[in-house]
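All of the numbers you see were taken from the coordinates with simple rules; none came from a lab. Keep in mind that this is a model prediction, so the values were computed, not measured. With ideal geometry, Cβ positions are generated from the backbone for all residues, glycine too; neighbour counts draw on all protein chains shown.
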Amino acid sequence: MAALPRLLIRGGRVVNEDRSQLADVLVEDGVVRALGPDLLASGTSTEGLRILDATGKLVLPGGIDTHTHLQFPFMGTQSIDDFYLGTKVKEEMKILTQNKGINSFKMFMAYKDLYMVRDEELYAAFSQCKEIGAIAQVHAENGDLIAEGAKKMLALGITGPEGHELCRPEAVEAEATLRAITIANAVNCPLYVVHVMSKSSAKIIADARREGKVVFGEPIAAGLGTDGTHYWNKEWHHAAHHVMGPPLRPDPSTPDFLMNLLANDDLTTTGTDHCTFNTCQKALGKDDFTKIPNGVNGVEDRMSIIWEKGVHSGKMDENRFVAVTSSNAAKIFNLYPRKGIIAIGSDADIVIWDPKATRTISAKTHHQAVNFNIFEGMVCHGVPLVTISRGKVVYEAGNFNVSAGDGKYIHRKPFAEYVYKRIKQRDQTCIPVPVERLPYKEEVILLKASG
Ligand code: URP
Ligand code: ZN
Ligand code: ZN
Ligand code: ZN
């Protein structure tokens, strides 16, 4: 492979989760080699050096999307956006963790008769995660209640996408969230709740964190950027485009609420759950909402949505933005400080970000295979100008420079400190002990033999 050119990102404001500084960034062999003011003046060689001007711009650690489904076979079809390079592994959790570098497992409490696991299976899976140092993830919705609710809606003649939300209201998500937290806490296993979509579920996570439980909540771009009023849209296709589980919520104050909790560390990371289906795939459920493939887009727009609704709105600063789009994910999934920070020795995954520029999101201009965009028409401040992946400029001035197989799978070690330090501490110090007593010596009744 041809050597990558050396890069000097010059004159920008380097933003990490803990501070921002005016500094140049020197990238060699895919990693950050130097960081500091005016690196050229302090003797950096110009040989084979490409200079990227970042004056007046922000230099951010590359975003980490915690949750996507690419080429995902689901509900009779397959999600339309694909991996350039897919990975398939299907063995025991322990082998996956020890030999394959997988340190998180997602359990579904929804999708009855497909993926749904019950409490005792959750208990067993959480216990195993704890044993091998993985983080347990849950899709928290009560699958039994959804199945009953769906029957009820169909019996009422509600066959359109609004039925999708009506059969799985907030309480269905909140109940499962609390149950998962309770079970995880019973085995002292760290828990990560994927796609937190409702106020009630987010509140349960916030309360649990205040009680000291090791739980993390992941809102997604869809839930932060739009709401469930779309399910009542008169156009069937428009409503169906928004179908995902847990659903977007019809309460229009939900996105703001979730963003406030994200800003205040009640919620921790952001994903997208990117899982896209074209209109003709969604149309599998044209007469029955339970057959509409679940999933929406997000991968391309996550950073802009969070900048617009989080930073531009004044809810969070640029450092918190980096924490929730990159650093926290890197810490939880044990990639930090290789990922999630711009520091000497870190992988050069870097975005040059223009916080003042705006762009309008549209399916007409997006770079995804899917034929619609749930954020259609939204004007966002915060535009990526240049994206660098492991030292290679992969996006610049509207053009991509990527090819199939460019992505790199990274083995993740178990027992991430950020997640497991408190867990281990508790295992050592919070061991229940029996009360010492003198033996009971008085009368004991006799039970009659049964049968
Ligand atoms: O509707 C959704 N969320 N589709 C993707 C699968 C999942 O549950 O994460
Ligand atoms: Zn899910
Ligand atoms: Zn539409
Ligand atoms: Zn998902």
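Using only the alpha carbons of region 94-147, what is the convex hull's orientation-averaged projected area in square nanometres? Show your work: numbers first, answer last.
Details: hull surface 14.8 nm².
Answer in nm², one decimal: 3.7.
Share of antiparallel DSSP beta bridges in the chain, in percent to the nearest 5?
Working: 33 of 54 bridges.
Percent antiparallel among DSSP bridges in the chain is about 60.
Loop only by DSSP, 14 or fewer other Cβ within 10 Å of the Cβ. Give me the chymotrypsin sites (Phe, Trp or Tyr not before Pro) in region 228-264 that pass, ordered by residue number.
On the way: sites: TYR231, TRP232, TRP236, PHE257; in loops: none.
Nothing satisfies the criteria.
Whole percent per 10 Å bin, from 0 to the bin with the longest distance: what is P(r) over all C-alpha pairs of region 109-208?
16, 44, 29, 10, 2
Counting only residues 5 or more places away or on other chains, whose amide H sits under 5 Å from the amide H of VAL296 once H atoms are built in the peptide plane?
Hits under the 5 Å cutoff: CYS275.
Averaging sequence separations of C-alpha pairs under 8 Å and six or more residues apart, then dividing by the length of the chain, give the relative contact order as a whole percent.
On the way: 948 pairs, mean separation 87.8, N = 451.
Reported as a whole number, the value is 19 percent.
Using each residue's phi in region 218-228, evaluate 6.51 cos²θ - 1.76 cosθ + 1.60 at θ = phi - 60° and report the 3J(HN,Hα) Karplus result to the nearest Hz, with x for Gly and Pro.
3J(HN,Hα) across region 218-228, in whole Hz: 10, x, 10, 3, 4, x, 8, x, 8, 9, x.
In whole Hz, what ³J(HN,Hα) sequence does region 309-314 give by Karplus (6.51, -1.76, 1.60; θ = phi - 60°), x for Gly and Pro?
Per-residue couplings from phi come out as 7, x, 8, 4, 6, x Hz.
Determine, for region 36-154, the count of lysine pairs separated by eight or more sequence positions (or lying on different chains) whose alpha-carbon distance falls under 25 Å.
Summing the qualifying lysine pairs gives 14.
Using amide H atoms built 1.01 Å from N in the peptide plane, name the residues 5+ places from ILE51, or on other chains, whose amide H lies under 5 Å from its own.
For ILE51, whose amide H was placed from the backbone, the distant partners under 5 Å are LEU8.
Using the per-residue mean of other Cβ atoms lying within 10 Å as a proxy for protection, in what order, highest first, do the peptides 288-294, 325-331, 110-116 fall? Don't jump to the answer; show the numbers that get you there.
On the way: 288-294: 20.0, 325-331: 25.7, 110-116: 15.6.
Descending mean neighbour count gives 325-331, 288-294, 110-116.
Show me, for region 195-205, the HN-Hα J-couplings you get by feeding each phi into the Karplus relation (A = 6.51, B = -1.76, C = 1.60, θ = phi - 60°), rounded to Hz, glycine and proline as x.
5, 6, 10, 10, 4, 5, 5, 4, 5, 5, 5
Equivalent ellipsoid semi-axes for region 383-451, as square roots of 5 times the alpha carbon gyration tensor eigenvalues: give them largest first, rounded to whole Å. Display every interim value, and only then the final one.
Working: eigenvalues 876, 71, 24 Å².
So the equivalent ellipsoid measures 66, 19, 11 Å along its semi-axes.
Rounded, prolate or oblate: which one fits the chain, using the alpha carbon gyration tensor with axes a ≥ b ≥ c (rounded when a/c is under 1.5, else prolate when a/b beats b/c, else oblate)? Numbers along the way, then the final one.
Details: a/c = 2.05, a/b = 1.32, b/c = 1.56.
Judged from the Cα gyration tensor, the chain comes out oblate (a/c at least 1.5, b/c at or above a/b).
Working from Cα positions, state the angle (0 to 90°, nearest 10) between the long axis of helix 119-132 and the longest principal axis of the chain.
With rounding to tens, the tilt is 50 degrees.
With axes computed from alpha carbons, what is the tilt in degrees of helix 143-155 against the longest principal axis of the chain, rounded to the nearest 10 within 0 to 90?
Rounded to the nearest ten degrees, it is 90.
Going by alpha carbons, how many degrees (0 to 90, nearest 10) lie between the helix axis of 170-186 and the longest principal axis of the chain?
So the inclination is approximately 80 degrees.
Can you pull out the trypsin sites (Lys or Arg not before Pro) in region 1-39 that DSSP calls coil and that have at most 11 other Cβ atoms within 10 Å? Working shown, then result.
Working: sites: ARG6, ARG10, ARG13, ARG19, ARG33; in loops: ARG19.
Loop-located and lightly packed - ARG19.
Rounded to whole Å and sorted largest first, list the principal axis extents of the Cα atoms in region 1-42.
Extents along the principal axes, in whole Å: 36, 26, 13.
Per 10 Å bin from zero, what fraction in whole % of the C-alpha pairs of region 278-345 is there, up to the bin with the longest pair?
Percent of pairs per bin, in order: 18, 29, 23, 21, 7, 1.
With a cut-off of 8 Å between alpha carbons and a minimum separation of six or more residues, what is the relative contact order of region 50-183 in percent? Don't skip to the answer; put the middle values down first.
On the way: 126 pairs, mean separation 24.7, N = 134.
Computed value for region 50-183: 18 percent relative contact order.
Could you work out the relative contact order of region 11-50? I mean the mean sequence separation of Cα pairs under 8 Å and 6+ apart, divided by the number of residues, in percent. Display every interim value, and only then the final one.
Values: 42 pairs, mean separation 10.6, N = 40.
RCO, region 11-50: 26 percent.
Which of the GluC sites (Glu not before Pro) across region 1-75 are loop residues per DSSP, with 12 or fewer other Cβ within 10 Å? Intermediate results must be reported in sequence, preceding the final value.
Working: sites: GLU17, GLU28, GLU47; in loops: GLU17, GLU47.
Of the GluC sites (Glu not before Pro), the ones in loops of region 1-75 whose Cβ has at most 12 other Cβ atoms within 10 Å are GLU47.
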